Amino acid sequence: MRMNNSFSTLTTILQCTIAVQEGVVALVYIRDGITFVKRDLDIQIEDCNMTSVFLQKQNLTIYEIYRPPRSCYEIFITQLDKILERQKSLCIIVGDINLDLLKKTATIAEYKNVIKTNAFNIQKNISQTNATRTTKTTKSIIDHVLANKNLECDLVLEENEISDHNIIMLLYNNIIIKHTLVVSVFEAVCVHHY
């Protein structure tokens, strides 16, 4: 299936500022015709930016999270644990988490354990060939896709000509979710329905 990269038929449903001084804005787009409800977040993660939408027909909650590289990990992991344990519906979390899954550290092990303990899983093989951010000298997986209830998504990574973050395309139940850093300081999640 060829996935259309055009934003022309999408409607912005959520917008929030990540870093005022840099003008960074997180957006969630959805194609007209999909029934959705903007979710108010009862838990916020300090220093992180989050948005959420619920797709009623699919009983699916989608979160987009941006975690700045210098934010407090201990606060992030505690709050993420609370968010994951509260999920009753199908749930997909996408975002620039700024934790490199290619590294074998105690922090990464704890992060993976919190995900697994809450019956979520990481939706991509963890290897350098699946890097979500590539520079001339490094490869990393800092953009993550998490899903619960044994929800399996088909994922495709596409090179992004205007950023060092690859585009992540997810296909689940005829919905395509697109996560990308459009410009080095711009985060977007797009939901297409085909």
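The values are calculated or read from the model by the stated rules, or taken from the named source; none is laboratory data. Everything quoted here is computed from the prediction, not taken from an experiment. Every residue, glycine among them, receives a Cβ derived from its backbone with ideal geometry; neighbour counts consider all protein chains shown. When the accessible area is computed, the model is the full protein with side chains, heavy atoms only, and any ligands, DNA or RNA have been set aside. Shrake-Rupley method; radii C 1.70, N 1.55, O 1.52, S 1.80 Å.
Summary table
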quantity: Where LYS112 falls short, out of the listed (1) within 16 Å of GLN44 (Cβ to Cβ); (2) under 17 Å from the mean Cα position of the chain (by Cα); calculated: (1)
quantity: Extreme residue, nearest to ALA131 (Cα to Cα), among residues of the stretch 73-109 that are loosely packed, with under 15 Cβ neighbours inside 10 Å and acidic (Asp, Glu); calculated: GLU74
quantity: Residue satisfying all of: in the stretch 127-143; at pLDDT 85 or above and of a type in the set (S, T, N, Q); farthest from ASP154 (Cα to Cα) among these; calculated: THR137
quantity: The lone exception for LEU151 - which of (1) outside any strand (DSSP E or B); (2) open to solvent by less than 50 Å² (accessible area, probe 1.4 Å); (3) out of contact with any Ser or Thr (no Cβ under 6 Å at 6 or more places or on another chain); (4) modelled with pLDDT under 70 it fails; calculated: (4)
quantity: Residue satisfying condition, being within 19 Å of ASN173 (Cα to Cα) and within 13 Å of the chain's Cα centre (by Cα), within set ILE142, ILE97, ILE122; calculated: ILE122
quantity: Lone qualifier among ILE77, ILE43 - being touching a residue at least 24 places away in the same chain (Cβ under 8 Å) and assigned to a helix (DSSP H, G or I); calculated: ILE77
quantity: Residues satisfying the stated conditions in the stretch 48-72, i.e. in contact with a Leu (Cβ under 8 Å, 6 or more places away or on another chain) and open to solvent by 20 Å² or more (accessible area, probe 1.4 Å); calculated: PHE54, GLN58, ASN59
